[in-house]
Amino acid sequence: MTRGEVRVIRRQWWAWVVVALVVAAAAAPLVHTWLTNPDDQRLVDLDVYRTGGQMLLDGRPVYDFFTPAPQLLPFTYPPVAAMLAVALAEMSWGTAQWVWTAGIFVALAVTVWFAFRQALRAYVPWVFGLLMVACTYLMPIRDQVRFGQVDILLVALCLVDCLARRPWLPRGFLIGLATAVKLTPGVFLIYFLVTRQWRTFFMAAFVAAVLTVLPFVVIPQDASAFWFSALLDPERLGANTATTNQSIRGMLLRLYMPESLTFVIWAVIVAAVAWYGFRAARAAYQAKDELTAVALTSLMAVLLSPVAWIHHLAWVVVVLGAIVGDGRDPVRLRVAAGVWLFYVVPVPWWGVSLIAAGIPGVSLVLGKIVQDGFGLGALALVWLLASWLPKRRQPA
């Protein structure tokens, strides 16, 4: 951030206060709904994180526990995540809920700032506030609050690492941290390779490696349990055929083909999507459109992963920012509005309802397509960013 930008923000401090209050008021119904949910349904993923940290404090095996019924959720993250979660375990459950929820909105604010920075000319507070409210009600972001998820925090780390004009830490450090915590941000290592950002690649790889090796020194039994057992069992993450799994593999699993055939088809599609997506990301980077390059890479994190729940699509905020660009192209704005609306409504659950309706010749095929809507939408967004968006940039 430049000195001129800081001066503008200081002159508009009162406007930022008003915007903060408006955003808080808009988010209040969502926060109230999920933080007053029954105890066994409230921020269940945060409960997993916090309990993982508590296991370390108690000297008990991290990967053997399950949260109380009816959830019965295991800890599925790398051991360094459990080490970081000790801070949550030191808090009361009520305090942890409020601290974590506040952190979600801080991370969303950082993400919106970097994703829409081109459109926020002169840093107009009112536009920022509108974007914050709009992004808050995207279904993947609503699910961040509902489950107490970590995804939007990882999105913010990756975005800052790639796009900060004057980073406080060496580029690659934050992505190395994010990768060590939840593996899927590791797609950015591939992005750094294909764009030949060697220094950033080595920094990210080094930080991820250090944070992976460290638990073998501090909590060796838990580290071994994760890397040689828990990681190899995808069902620990939940039913892979569930509607909420919108990865390519999840969509294929719901076709219920033979396992070997599913694996072959998945491998072929993943290879094709990875080739197309990372090639397009490199082209965007070379065209000086790094936001689009990051957005394409983020979609790879969703589509190529064996399991990608709907809340993993928190990356759609970055995609929307790439489509909007500087906000001067009305066509791009209309497309962004359509994408936003698509990810606000519960499309996959409409598909479930269609399948349940049992209308002969209609409900099953159409229902399957709609059920996979967010995943198919992510594939469409890859094409949009890779093939359509460059043509919209050319006149400028």
Considering only helices (runs of 4 or more DSSP H) wholly within segment 84-171, the ones with at least 3 residues that are under 20 Å from A314 (Cα atoms) are 93-115, 125-136, 139-147, 151-163
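Matching residues to (1) at pLDDT 90 or above; (2) open to solvent by 40 Å² or more (accessible area, probe 1.4 Å); (3) assigned to a helix (DSSP H, G or I); (4) over 16 Å from A96 (Cα atoms):
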{"site": "V8", "(1), (2), (3), (4)": "no, no, yes, yes"}
{"site": "A15", "(1), (2), (3), (4)": "no, no, yes, yes"}
{"site": "V19", "(1), (2), (3), (4)": "no, no, yes, yes"}
{"site": "W34", "(1), (2), (3), (4)": "yes, yes, yes, no"}
{"site": "Y49", "(1), (2), (3), (4)": "yes, no, yes, no"}
{"site": "R60", "(1), (2), (3), (4)": "yes, yes, no, yes"}
Matching entry among A308, A386, A322, A314 (being outside any helix (DSSP H, G or I) and of a type in the set (A, V, I, L, M, F, W, C)) | A308
How many residues of segment 222-240 are open to solvent by 50 Å² or more (accessible area, probe 1.4 Å) and either in contact with a strand residue (DSSP E or B) (Cβ under 9 Å, 6 or more places away or on another chain) or outside any helix (DSSP H, G or I) (or both)? The answer is 3
Could you tell me whether A82 is of a type in the set (A, V, I, L, M, F, W, C), touching a helix residue (DSSP H, G or I) at 6+ places or on another chain (Cβ under 9 Å), crowded, with 22+ Cβ neighbours inside 10 Å and under 18 Å from L154 (Cα atoms)?
-> yes
Please specify each residue of segment 180-200 satisfying the condition of being open to solvent by less than 50 Å² (accessible area, probe 1.4 Å) and either on the phi > 0 side of the Ramachandran plot or touching a Ser or Thr at 6+ places or on another chain (Cβ under 9 Å) (or both).
-> A180, T184, P185, G186, V187, F188, L189, Y191, F192
Considering segment 251-285, residues that are without any contact (Cβ under 8 Å) to a residue 60 or more places away in the chain and of a type outside the set (A, V, I, L, M), and then whichever is nearest to F116 (Cα to Cα), we arrive at W275
For segment 199-209, state whether one or more residues are touching a Cys at 6+ places or on another chain (Cβ under 9 Å), closer than 18 Å to A293 by Cα and among the polar types (S, T, N, Q).
-> yes
Restrict the check to segment 330-346 and report whether at least one residue is assigned to a loop (DSSP other than H, G, I, E, B), more than 28 Å from L237 (Cβ to Cβ) and more than 18 Å from the chain's Cα centre (by Cα).
-> no
Going through segment 201-221 one residue at a time, which ones are over 23 Å from F65 (Cα atoms) and open to solvent by less than 30 Å² (accessible area, probe 1.4 Å)?
-> A204, V207, A208
Taking only segment 302-319 into account, find how many residues are within 20 Å of A386 (Cβ to Cβ), at pLDDT 95 or above and open to solvent by less than 10 Å² (accessible area, probe 1.4 Å).
-> 7
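The values are calculated or read from the model by the stated rules, or taken from the named source; none is laboratory data. Everything numeric in this text was worked out from a predicted model, so none of it was measured. Every residue, glycine as well, gets a Cβ built from its backbone with ideal geometry; the counts of neighbours run over all protein chains shown. SASA here: full protein model, heavy atoms, side chains in, ligands and nucleic acids out. Shrake-Rupley method; radii C 1.70, N 1.55, O 1.52, S 1.80 Å.
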